[in-house]
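The values are calculated or read from the model by the stated rules, or taken from the named source; none is laboratory data. Predicted, not measured: the structure shown is a model, and the values here were computed from it. Heavy atoms of the whole protein, side chains included, go into the accessibility calculation; ligands, DNA and RNA do not. Shrake-Rupley method; radii C 1.70, N 1.55, O 1.52, S 1.80 Å.
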Amino acid sequence: MTFGEKMKKVRKEKGLSQQELGKILGVKQQTVAQYEKIPYTPKYDTVRKIAMALDCPINELVEDETIFQFNDVADSLIYGGVISRVSDNMAKLTIEAMNKVEEYTKDLTKIPEYQKKDE
C-alpha cells in the first residue's frame, strides 16, 4: 500500500473529508487529493505534518521510516524544516544568486546576535 493509499485510509477512518484535512494542514483540497494519489512518500516534514493532522503515528503512513535521511528528520525536528525550505528556494536560483546566498550566510555567521550559542 502506498503512502497516499494509507493516508486516505486513515483520513476516512478519522471521518475527515479531503477539504477538512486540507483546512487542518493549511492547504487546498486539491493538494490533499494529490498526496493521496502520489506513488512515492513525500519529504519527512510533510509526512510528519500529515501524521500530526491525522493524529496518527508516522509508521501508520509509512512502511519503513528508515527511508528518511537522518538530516531530513533532524532538520524537521530541530530546525522546523528551515534547512529544507532554504534548499528548495536555492534550487530556484541561478548559480550567481546561489553564490550571493553563500556570501550572505558567511557574513551572518560573523554577527554575534546570529551566532549559535554553545549549550
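Observations, loosely collected:
- Over 28 Å (Cα to Cα) - which of K12/K49; K49/K106; K37/K92 fall in this group: K49/K106
- Accessible surface, segment 6-50, averaged per residue in Å² (probe 1.4 Å): 63
- Given their separation in residues at 0.36 nm each and the Cα-Cα distance between them, L108 and Q34 gain 22.8 nm when the chain is fully extended.
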